[in-house]
Amino acid sequence: MRIAIFGLGYVGCTAACCIASEGHDVIGIDVSDTKVDSLLAGDPPITEPGLGDLLRQALDAGRITATTTIGDDLAACDMAIVCVGTPSAPDGSHNMRYIVDVSRQIATTLKTARRTTPLTVTYRSTIRPGTIDQLITPIFEGVLGEDGMAKVELAYNPEFLREASAVHDYFNPPKIVIGTRDGQPCANLDALHEGIEAPVFYTGFREAEITKFVDNTWHAVKVAYANEIGRICQQLDISARKVHEIFVSDTKLNISAYYTRPGGAFGGSCLPKDVRALQHISTDIGANTHLVDSLIRSNEAHKRYQFERIAAALPQGARVLLAGLAFKTGTDDLRESPNLDMARQLLQAGFTLSIYDANLDASKLIGQNLGYAYSHLPSLDSLLVDKATAEAGSYDLVIAANATIKKLDLAQGIPVVDIGTIA
């Protein structure tokens, strides 16, 4: 293919050299004369291992060139990849000036171009979810008009490059994410990634646009958490290196997909108790673990968020069945169960509540489990119903708080909301 790349910074320059090395013809476009001249001279405008060799090989093969203006070259391209910067604005948002400028230039050039196939314009700059729908598409529609939109195919294809290993990462990405209007494959992007082994996800624009935010923030969380634990270890004369070795050896729970699926709040006898204890230790020794300190507040906020979403959709006095009260199916442990908080808030809001939990027998609760349950939900006995009553009831809503819902054969048409899963 013939591919135009807008922006010859870190992402754009790496992409240009790697794409050219695969036999595509690349034209790099950047407003900086310095970057363009440097690239044409065989000297990458960024420092990245292996990039210089790829650039010089591409120049020798006539596969890459660069310019400061679009000109007529875009009309002959199959694809345009936008890699311009989206720096932070004073309020923390992305400054979209360069995205707007480039999008308008591409649209203006396409307006007079004669094409038999649409130009695939894919964005790799990190942009706020909704940007293609709410900013970029209107720009193209405003310039091209409704009929002219047949000349362009918009897509979002985030990159996953780490500095100092970007060339390796380009050819060995952790995943390939392709966002399109209908979530269907894009032929040109499939051709671009041909030969690269990685899981491929086709999705809508917004899911693709948020991917980098989710990934990078998670990476930041991991770094901050590791450093907070490191501070605690140093203050207590514990080997942080040995603790890390033990921690990462657990690929079943610690370094895995477990506990990363959005859904219900955490609860039970261990997590809340141990988080609070670690907070106390940190405060006692002056480790200042702000991330750890925020966990309980974040969890409480999530409980409230889930209740408010449910309450807003129900009429006053609505009949509600809570399927599952224990924090996890298969146990009767009610200690710090978020479902207990949901039940309490539903009652306080004036809803008529019934509770079914196959593993719960109030008469068998003992010790701390007994005390916690009745101190937070004194009317527990009158709220619990058996399976037959739960299935025969007429409810405005059934809340699936855990997998208990799978044990029920409810009447058709009763709405069910699963608070353990976020779609």
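The values are calculated or read from the model by the stated rules, or taken from the named source; none is laboratory data. Nothing here was measured: the structure is a model prediction, and the numbers come from that model. Backbone-built Cβ (ideal geometry, glycine too); neighbour counts: all protein chains shown.
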Check: If we keep just the residues of region 36-53 that are in a helix (DSSP H, G or I) and under 14 Å from residue 15 (Cβ atoms), which is nearest to the chain's Cα centre (by Cα)?
Finding: 51
Next item on the list: Could you tell me which of the residues 313, 358, 403, 411 is outside the structural domain of residue 274 (by TED's automatic domain parsing), buried (at least 18 other Cβ atoms within 10 Å of the Cβ) and among the aliphatic types (A, V, I, L, M)?
Entry: 358
Next item on the list: With the condition kept exactly as written, say whether any residue in region 415-423 is over 30 Å from residue 207 (Cα atoms) and either under 34 Å from the mean Cα position of the chain (by Cα) or not charged (D, E, K, R) (or both).
Entry: no
Checklist line | Test: residue 292 is β-branched (Val, Ile, Thr), at pLDDT 95 or above, closer than 30 Å to residue 357 by Cβ and in contact with a helix residue (DSSP H, G or I) (Cβ under 8 Å, 6 or more places away or on another chain) | finding: no
Margin query: Contact list please: Cβ distance under 8 Å, first residue in region 30-49 and in contact (Cβ under 8 Å) with a residue 40 or more places away in the chain, second residue surrounded by fewer than 17 Cβ atoms within 10 Å (Cβ to Cβ), pairs at least six apart or on different chains.
Written below: 48/163; 48/164; 49/164; 49/165
Check: Among 370, 410, 334, 314, which is the only one that is outside any loop (DSSP other than H, G, I, E, B) and either farther than 18 Å from residue 267 by Cβ or not charged (D, E, K, R) (or both)?
Finding: 370
Check: Given the structure, is residue 58 of a type in the set (A, V, I, L, M), in a helix (DSSP H, G or I), in the same structural domain as residue 170 (by TED's automatic domain parsing) and in contact with a strand residue (DSSP E or B) (Cβ under 9 Å, 6 or more places away or on another chain)?
Finding: yes
Next item on the list: Report the residue count in region 1-35 for those that are over 31 Å from the mean Cα position of the chain (by Cα), part of a strand (DSSP E or B) and not β-branched (Val, Ile, Thr).
Entry: 2
Margin query: more than 35 Å from the chain's Cα centre (by Cα), assigned by TED's automatic domain parsing to the domain that holds residue 405 and under 17 Å from residue 273 (Cβ atoms): which single residue out of 375, 379 fits that description?
Written below: 375
Margin query: I'd like the residue in region 85-99 that is under 14 Å from residue 31 (Cβ atoms) and not basic (Lys, Arg) and, out of all such residues, is modelled with the lowest pLDDT.
Written below: 85
Next item on the list: Report yes if some residue within region 85-96 is touching a residue at least 24 places away in the same chain (Cβ under 8 Å) and surrounded by fewer than 16 Cβ atoms within 10 Å (Cβ to Cβ); otherwise report no.
Entry: yes
Notebook entry, point to check: How about region 147-194: which of its residues are assigned to a loop (DSSP other than H, G, I, E, B) and aromatic (Phe, Trp, Tyr)?
Noted result: 160
Margin query: Suppose we keep only residues that are at pLDDT 95 or above and of a type in the set (A, V, I, L, M, F, W, C) within region 341-376. Which one would you say is farthest from residue 311 (Cα to Cα)?
Written below: 355
Check: If you check residue 381 against the conditions, is it in a loop (DSSP other than H, G, I, E, B), without any contact (Cβ under 8 Å) to a residue 40 or more places away in the chain and either of a type outside the set (Val, Ile, Thr) or surrounded by fewer than 16 Cβ atoms within 10 Å (Cβ to Cβ) (or both)?
Finding: no
Note to self: So residue 299 passes all but one of these: (1) under 17 Å from residue 401 (Cβ atoms); (2) under 30 Å from the mean Cα position of the chain (by Cα); (3) in contact (Cβ under 8 Å) with a residue 40 or more places away in the chain; (4) crowded, with 16+ Cβ neighbours inside 10 Å. Which condition number does it fail?
What the structure shows: (3)
Notebook entry, point to check: If we keep just the residues of region 331-350 that are touching a strand residue (DSSP E or B) at 6+ places or on another chain (Cβ under 7 Å) and either of a type in the set (A, V, I, L, M) or not assigned by TED's automatic domain parsing to the domain that holds residue 308 (or both), which is surrounded by the fewest Cβ atoms within 10 Å (Cβ to Cβ)?
Noted result: 347
